[in-house]
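Below is one structure, written out as structure tokens, with a few remarks after it.
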Amino acid sequence: MNRDEIMKLIPHRDAMLLIDEVEKQGDKAFGKYRVRGDEWFLQGHFPGNPVVPGVILCEILAQSACVLLGSDGEGTTPYFTGIDGVRFKKPVRPGDVFETECEIIKAKPPFYFAKGQGRVGGELCVKAEFSFALVGPGK
């Protein structure tokens, strides 16, 4: 899926849509985000040594996982409800292609529980377990 196809499944737009492409394979989603270097979250983090903030890496994982919901997520907004066991192993920098692998490990709608990891060049950068709730409009 490209960005236009992704936008049909998740509500994120403009500067907060943080996956460029994603592929579903069985019960897993594999996403990619190319760090250009001009992103808003790199301004000041850190001058002369830009590093993608950890919270942004977690957001990229979550967006990749939300694609797995398909039509179940239509018309809803996914809100983080928890992030557990996060481990940062290697910084992600401009020019990197951040690749995700995520899966939903449990579902009790409207709550979903997932795990994921992100890599650059095959090297583990972050891994986490997280949960989110799908909330209808105006809630």
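Table for the structure above
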{"quantity": "Cα-based reach from K28 at 27 Å (exclusive), listing lysines while leaving out same-chain residues under 8 positions away", "calculated": "K8, K89, K90, K106, K108, K115, K127"}
{"quantity": "Acute angle (nearest 10 degrees) that the helix 54-66 long axis makes with the longest principal axis of the chain, alpha-carbon atoms", "calculated": "40"}
{"quantity": "Relative contact order of the chain, defined on C-alpha pairs under 8 angstrom at six or more residues apart (%)", "calculated": "26"}
{"quantity": "Kirkwood-based shape ratio for region 3-135, expressed as Rg/Rh from alpha carbons", "calculated": "0.95"}
{"quantity": "Virtual paramagnetic centre 7 Å along Cα→Cβ of Y79, amide N under 15 Å, in region 109-139", "calculated": "110-112, 131-139"}
{"quantity": "Net charge dipole size for the chain [Lys, Arg +1 and Asp, Glu -1 on Cβ; Debye, nearest 20]", "calculated": "320"}
{"quantity": "Mean ellipticity per residue at 222 nm, deg cm²/dmol - from DSSP H runs of n ≥ 4 across the chain, formula -39500 (n - 2.57)", "calculated": "-3500 deg cm²/dmol"}
{"quantity": "Rg ratio (alpha-carbon, reference 2.2 N^0.38 Å) - region 93-139", "calculated": "1.48"}
{"quantity": "Segments 65-74, 20-29 sorted - mean Cβ within 10 Å per residue, highest first", "calculated": "65-74, 20-29"}
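Bear in mind these aren't lab numbers, they're just calculated from the coordinates by the rules spelled out. Nothing here was measured: the structure is a model prediction, and the numbers come from that model. Note that we place each Cβ from the backbone using ideal geometry, even for glycine, and neighbour counts take in every protein chain shown.
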